[in-house]
Amino acid sequence: MIRRLTVPALLVVHRLSLLVLVALLGACAHAPPHNPLAQWVPSPNYNQRRAQLIVIHFTGKNSLQESLDTLRSRNGLGELVSAHYLIGPDGKRYQLVSDQLRAWHAGVGRWGTITDVNSASIGIELDNDGKTPFPQAQIDSLLVLLQDLCTRLHIPRTQIVGHEDFAPSRKVDPGPLFPWKQLADAGFGRWPAADAPPAPSGFDPWQALALFGYPIGDRAAAMRAFHHHYRGNEATAFDAEDLRILYALTQPLLAPQPQSLSSPPPIEHNEF
């Protein structure tokens with residue numbers, strides 16, 4: 001025999017349904033947004049911040065799964081680590097942390113006046129051991145993601161750096177095999193014009209490195225990071241081409257100095 005619900009029972013069911021609906025809507029409202037360009041595989045290792053920089057890494061791991069596991073747990077030192085995105089060799093993108101949240105990928109470092117890089121950046125890990133060239137499918141996928149992030153989050157297209165650029169004493173990724181020139185040709189990062197003139201006599205490459213953003217407390221490490229990024233080599237001294245590149249990179253950053261009729265203005269250097 002089928003028993004009909006009484007009016008009070010129907011009211012109870014209705015109220016329970018409303019409570020379930022409210023709970024579901026609340027959960028959706030608090031779930032961090034994620035990017036439809038990547039598969040969502042959330043990491044619990046994050047907090048909030050606003051991005052103005054994009055940092056590129058290689059994972060240095062033996063497999064994509066090992067990279068995914070590490071970025072959702074701890075690294076070899078037992079530290080909680082994560083990144084916003086991981087791109088596999090085949091170009092498949094994975095998002096681990098929402099763009100609006102602070103992932104833990106940068107560690108201690110400095111880029112220009114930015115001293116808390118985690119709070120100021122989006123971290124993108126490329127599944128690569130640092131010893132083999134990056135597959136073209138992976139780089140093509142990265143370019144699509146960079147276009148999306150710079151457009152959606154209003155990050156300047158020039159603000160694309162490698163992990164070793166701001167932490168040269170600790171890191172070597174994405175290394176000399178990473179195709180920075182290809183990114184520059186697509187409009188990302190900073191790159192010297194091919195017809196840029198030679199550096200003038202007396203040009204100081206260390207002052208230029210600091211002005212550009214590199215921390216130069218460890219000069220050998222800063223030089224290595226620069227050579228990885230702009231020359232793709234392991235040179236241990238500056239040559240004329242290095243000076244030309246640094247001169248071309250830093251000239252747009254020098255604000256014009258006001259001229260005085262009575263005396264020339266003092267020369268000021270940016271402090272980093």
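Here, each number is a calculation from the coordinates, and none is a lab measurement. Predicted model only: the values in this text are computed from it and were never measured. As a convention, Cβ positions derive from the backbone with ideal geometry for all residues, glycine included, and neighbour counts pool all protein chains shown.
Observations on the model:
- All conditions but one from (1) crowded, with 20+ Cβ neighbours inside 10 Å; (2) of a type outside the set (D, E, K, R); (3) closer than 19 Å to ASN35 by Cβ apply to VAL144; the one that does not is (1).
- Only helices (runs of 4 or more DSSP H) whose full extent lies in region 165-263 are considered here, and the ones with at least 1 residues that are within 18 Å of the chain's Cα centre (by Cα) and surrounded by 14 or more Cβ atoms within 10 Å (Cβ to Cβ) are 180-185, 205-212, 219-230.
- Remark: pairs (first residue in region 206-230, touching a residue at least 40 places away in the same chain (Cβ under 8 Å); second residue in a helix (DSSP H, G or I) and of a type in the set (D, E, K, R); Cβ separation under 7 Å; 6+ apart in sequence or on different chains) = TYR214/ASP165; ALA225/GLU164; ALA225/ASP165; HIS228/GLU164; HIS229/ASP165.
- Residues satisfying the stated conditions in region 231-251, i.e. small (Gly, Ala, Ser) and in contact (Cβ under 8 Å) with a residue 24 or more places away in the chain: GLY232, ALA240, ALA248
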